[in-house]
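To start, the structure itself, in structure tokens.
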Amino acid sequence: GNVIFSRFPIVAAQVKFAESGAGRFVDDYKVPTNGDFSQQPCNFQAATLQIHAVKVEVLNVHGVWDRHADDSPARTKLIDAMAAALQTPQNCLIMGDFNMHCTCAALSAFSDLGLQHVFQADDLEGQTTFNLSLLHNVMKRIPNFVP
């Protein structure tokens, strides 16, 4: 799973889980022990780091699973929840496995806060690390997976 490590003090932290595919965030989610990872929910961790006199917010996501990685109501809800969790977007880092294309409209919630992603940089513009052919091959092998 995802984790945030820091040499700087972590002064606040939370984890928010969404029910798999439902996009409904729950505070009392219990991770099942049956080994079926396709039913694991998306989640994000939020931590506030104290870096000298400045507080920096860090969000780390494990995004929605499906077969297409395009915009969906569940992705939009996840991104909106992450954007709403930011107290000071001018001092933040957002990272993780979004399981989505960097061109998804849902990411505009971060752009609206003045944030940019690495694939907007001149030397990486238009590229992505999302491997759709690999995703399709993996998803076909997950028992009972329903996108």
- Unmet requirement for residue 69, which otherwise passes all of (1) at positive phi; (2) hydrophobic (A, V, I, L, M, F, W, C); (3) free of Cβ contacts under 8 Å to residues at least 60 places away in the same chain: (3)
- The one condition in (1) at pLDDT 85 or above; (2) touching a strand residue (DSSP E or B) at 6+ places or on another chain (Cβ under 8 Å) that residue 19 fails to fulfil: (1)
- Message: Filter the range 67-91 down to the residues that are assigned to a loop (DSSP other than H, G, I, E, B) and farther than 14 Å from residue 104 by Cα and list them by number.
- Response: 67, 86, 87, 88, 89, 90, 91
- Query: Regarding residue 58, is this residue assigned to a loop (DSSP other than H, G, I, E, B), within 18 Å of residue 16 (Cβ to Cβ), modelled with pLDDT of 75 or more and not charged (D, E, K, R)?
  - Reply: no
- Query: Take the residues of the range 80-103 that are buried (at least 16 other Cβ atoms within 10 Å of the Cβ) and either farther than 17 Å from residue 42 by Cα or among the β-branched types (Val, Ile, Thr) (or both): which is modelled with the lowest pLDDT?
  - Reply: 102
- Message: Going through 30, 77 one at a time, which residue ends up being at pLDDT 80 or above and among the charged types (D, E, K, R)?
- Response: 77
- All but one of (1) buried (at least 16 other Cβ atoms within 10 Å of the Cβ); (2) over 19 Å from residue 118 (Cα atoms); (3) of a type outside the set (Lys, Arg) hold for residue 106; which doesn't? (2)
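The values are calculated or read from the model by the stated rules, or taken from the named source; none is laboratory data. From a predicted model like this one, the values you see are computed outputs, not experimental measurements. So basically every Cβ, Gly included, is an ideal-geometry build from the backbone, and we count neighbours across all protein chains shown.
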